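*Asks:* Structure below; questions to follow.
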Amino acid sequence: MQTRLNLDPVVVGMARTLAAKAGQPIVEMAKTHTTVSVERAVLRLAGLQGADPDGMPWVNRLTDAVRDATGLEHGVALPAWDALIAGGYDDLASLAEAAALGKVAFRIPAGPDAAAARAAASIALARGIGRIDANRHQRQRMIEQTSDPRKPWIYLIVATGDIYEDIPQAQAAAREGADIIAVIRSTGQSLLDYVPEGATREGFAGTYATQENFRLMRAALDETSRELGRYVRLTNYASGLCMPEIASLAGLERLDMMLNDCMYGIIFRDINPRRTFIDQRFSRQIHARAGIIINTGEDNYLTTADAVDAAHTVVVSQLMNEFFGKEAGLADGQLGLGHAFEINPAVPDSFLLELAHAQLVRELFPDAPLKYMPPTKHMTGNVFAGYLLDAFFNLCGVMTDQSILLIGMMTEGIHTPFLSDRDLALENVRYVREAAGRLGESFVPAPGGFIEQRAKHVLAESIGLLRRINDDGLLNAIADGTFGITKRPADGGRGLEGVISRADGYFNPASEILETGNGAERGDSAQVVPGSLEGAA
Amino acid sequence: MTGDIIRPYGDTTGDGRIQVSFTLPVPFGTATERARAEGAAMQLAAKMGLQPAMVVHAKGMGPDYTFFIVYGRVSHLVDLSEVTVTEREFPLLSSAEVNLRIRAGLGRKLVVVGACIGTDAHTVGIDAILNVKGHSGEKGLEYYREIRVVNLGSQVAVPDLVARAKAEDADAVLVSQVVTQRDAHISNASEMAAAFDAATSDFGARGRPLLVVGGPRFDPAMAAQLGVDKIFGKGTTPGEVASYLAYALAPEVPEEVEAGVPA
C-alpha cells in the first residue's frame, strides 16, 4: 500500500507505545483473574453441551456448583475433573446433572489426585481445541476448493429472530453478492449470563447466538459457498457477559469473523470493565487459535459523539484494540478494526473529512482487514438522499482500500431491510466498485493539503488523549467518561460478581494450550511490548 | 369547501401523480414470466387506485422475486377537513431539547431509577430504554447529559426499589415488566405504586417520584387504575420516555429558550 498522508513514523510509533503502556496494567489484571464465563468456556471446549429442563445450560449449573463448593480461585477444571474421576461419571453432562442435584462433593485435589485431574482435563481440552484447529484447516480447504473473494468484502446483516428464516435470507444475500453474512443477535443477549441452547425461532430484533444456530448457518453457507464457487464468511458477536463462551462456540462451529471489541460492552452495555477485559483476553486467545477475524466496534463512538470532534477517540480505541488483540495472539490479518462514515453531511467538506479519517486508519494499520461502517446517524428517512450518502460511503471505501464494507441500507433506522432494500444496496456497491474500484491507485491527496492536515490533526489529538489515559490509568479514564459520554467505574456495571482472583495453583487447561500455542502453526503473533517513552515529548 | 379537497401533485395541480415501489413474489426470468410479473404489478397498482399506472422499472431479485417502481395517477381525493390529528400530551423533543429543558426547568440533573421488579428477569425492555445503546436508532436515557440513570437490573424487590429511589433522590422510577403470566405485570405494578404511595412522606417536599411503567402487555389507558403516572406500551422508544420525563418533571421555560435548539 502506498502512503498518501506522509505520516511521521516516529509519531505513529509514539501512539503505539502509549497505547501499549496504557494497556499493559489491564493485561496484568487479566492474567491474574478469571471469570465465571472463562470457566464455563473451558467446560464448553471440553464438550459439555445441553441445558437443564429450565433451559439453564449445564456449563452454568456445573460452574455454579463448583463455585459454591470450592470457589473458582483454582479454576473449574481441577475440582470438576477430580469429581469426574472420583465419582466414575460417564461424562461432564452426567457430572453436571448430579452436581445440580447437590450430589457431588467437590474439593481442590492435591498430590496424585490433582495430577490425575489435570491430566484428564488437559486431554479433554486438547481434543476440544483440536476441533478448533481442524475447523481452521477446514476453512482453508473450503477456500481452496471455492475461492476467496476479492476485497473489499461485502458484509450484509440478517436478523429475523428465527434461524430458519435467517438461513434462506442469508443464502439469498450471498447469491446476490454478499461475501460475509452477519447474524445480528437478539437485543439484550449481551446481558444474559448464559448462552441459550438449541435452534431458536424467537428473538428481539435479532436471533440468539447459540451453538446450534451457529452450526445450522455455517452448514447452509457451506452449501451456498460450493454453489457459488466463493467462500461466504459467517459473523456473529463475541461480546457481552458470555464473550469467552461464544468465542469458543464460534471456534467449535467454524465461524469466520466475530465482533469483539475491548470496550464496547463497558461503554454501551454497562458491563463491568474488569469482567470485560478478562473475558476479552481469553476470547481473543480463542479467536487467534481459530483463525477468526475480530471486528471491533469503534463505529459506535460516532453514533453517540460527533464524528468530527470524536474522530481521535476512534483511533485511540483502535490502537487499544490492536494492543490487546496482539497481546492475546491475534495476527494483523485478524484485526478487523472498525470505523464509520458518520460525519453530518451538512458539514462543509464532509466527504474530504471522511476521506482523511478513512485514509488515516488505513495507513496506521496497513495490514489489518479494516471494517468500514456506513452512515446511520444521519440517515433521515429520506431514502433517496440516504441512497446517495451510501454511494459516497462506498466510494470512500474503495478509494481508501477498506477491507470489509458493511453495506448501508437506504432504509436505515426505518425498518429491518426489505428484500428490495438489500438488493438496491448491493446494486449501489457493485456500481461503485466497478466504476471506481481502481480510483484508489490514483488518489493522491495534495501534500500538505486539507486531507493530509486533517489526518495529522486527528493523529495528534489521539496522542493527546493517549497521554491523558496514561496519566489516569485506563480504568480511571473509562470511569471518568473518556469514551462515549458515559462514566463506567471499575467496580460498577454488570458481571463484577463473576470476576475471581486467581489463587496460586490456578489451573486452566485451555489457557495452557492457547498460551503455549501448542500444536498450532500460529500466524504472526508478535507481542507488543511497551517501549520507552523517552523522546516522546 | 373545495379548498379542503386535494390530490397529489406531480408537476401540475390536480394531476394526482405519485410513485411507489414494491416487491412481488413472482419470477422475472423468461419473457412470459416478465410479462406476467408486470401484469401483476399493474393489477396491484390498479387496486391501489393508480389509474393509469406505468411500471417504469422491474428487476428480478433471485429466482423468486421481482422489484417494481411504478408511477401513476391516483384516483383518490384527500379531504383535509376529515384529517384529525391526535396529539400526545407531551411534545416529542430531541435529546438536545430534552437536556435544555431539564437544565432550564430543573436546574440540575434529572435522576431516573430503573428496574425490573418481581420475578421478571427480562431486562430487555428497561435496558433498551436506559442503556446508551438504546433501540430503534435512538440512544437510551444514559445518553442524555442531563439525566442520571441508576439501572438496578432484574428481580428487584419493591421495598428495595423504594429505598433506592429515596437514597438516589429519584425524580422518576421506571419499571419494566415483560413476563405477564397470571397478569403478574398488573399486580406487580399496583404493588409498586401502593408501596411508593405508602412511603410518600419519606420523600420530602418533592413527594414520591414519578412512577412510569412499561411493557408489551400494558394498556396505556390503565395508569390511573394501577396508581402510576404513566404507562408506555409496546414499541416505545427512549426518546418518547425522555420527552415525557422532561415534560412532566421540568417546569415550562420561556419559549425563546425552548425553541430553536439545534438537534
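Read the figures in this text as sums done on the coordinates, not as results from a lab. Note that the structure is a prediction, hence the values are computed from the model and not measured. Backbone-built Cβ (ideal geometry, glycine too); neighbour counts: all protein chains shown.
*Asks:* Taking B:K47 as the anchor, which aspartates and glutamates have their alpha carbon closer than 18 Å to its alpha carbon, excluding any fewer than eight residues away along the same chain?
*Replies:* Answer for B:K47, where 18 Å is the Cα cut-off: B:E38, listed by chain and number.
*Asks:* Hey, another quick one. What angle, in degrees between 0 and 90 and rounded to the nearest 10, separates the Cα long axis of helix B:95-106 from the longest principal axis of the Cα atoms of chain B?
*Replies:* 30 degrees
*Asks:* Calculate, for A:A346 and A:E202, the FRET efficiency according to 1/(1 + (r/R0)^6) with r their C-beta to C-beta distance and R0 41 Å; round to the nearest 0.05.
*Replies:* Efficiency, from the Cβ-Cβ distance: 0.50.
*Asks:* Still on this structure, I have one more. Please return the longest stretch of chain A lacking exposed loop sites, where GluC sites (Glu not before Pro) count only if DSSP places them in a loop and at most 15 other Cβ atoms lie within 10 Å.
*Replies:* On the way: sites that count: A:E202, A:E521, A:E534.
The longest uninterrupted stretch comes out as A:203-520.
*Asks:* Provide the per-residue ³J(HN,Hα) series for the stretch A:285-298, in order, calculated from phi with Karplus coefficients 6.51, -1.76, 1.60 and θ = phi - 60°, each as a whole number of Hz, with x at glycine and proline positions.
*Replies:* 5, 5, 4, 4, 5, 7, x, 7, 7, 7, 10, 9, x, 4
*Asks:* What is the dipole size for chain A, taken about its Cα centre, with +1 at each Lys and Arg Cβ and -1 at each Asp and Glu Cβ, in debye to the nearest 20? Can you show the working numbers first?
*Replies:* Numbers: 50 positive and 67 negative charges, 123 e Å.
Charge dipole of chain A: 580 debye, to the nearest 20.
*Asks:* Taking square-rooted eigenvalues a ≥ b ≥ c of the alpha carbon gyration tensor, is the stretch A:430-470 rounded, prolate or oblate, where a/c under 1.5 means rounded and, failing that, a/b exceeding b/c means prolate? Could the numbers behind the result be given before it?
*Replies:* Values: a/c = 5.24, a/b = 2.19, b/c = 2.39.
Here the stretch A:430-470 falls in the oblate category.
*Asks:* Let me ask you something else. Between B:G107, B:G62, B:G235, which gets the highest mean-square fluctuation from a Gaussian network model of chain B, Cα cutoff 10 Å?
*Replies:* B:G62
*Asks:* Sticking with this structure for a sec: Taking only Cα atoms, what is the 0 to 90° angle, nearest 10, from helix A:211-228's long axis to the longest principal axis of chain A?
*Replies:* 50 degrees
*Asks:* Further question on the same structure: For the stretch A:62-86 and the stretch A:425-470, what is the separation of their C-alpha centers, rounded to whole Å?
*Replies:* Going from one Cα centre to the other spans 51 Å.
*Asks:* Give the residue list of trypsin sites (Lys or Arg not before Pro) in the stretch A:132-219 that are DSSP loop and have at most 15 other beta-carbon atoms within 10 angstrom. Spell out each step's value before the answer.
*Replies:* On the way: sites: A:R136, A:R139, A:R141, A:R150, A:R175, A:R185, A:R201, A:R215, A:R218; in loops: A:R150, A:R185, A:R201.
Passing both the DSSP loop test and the Cβ count: A:R150, A:R201.
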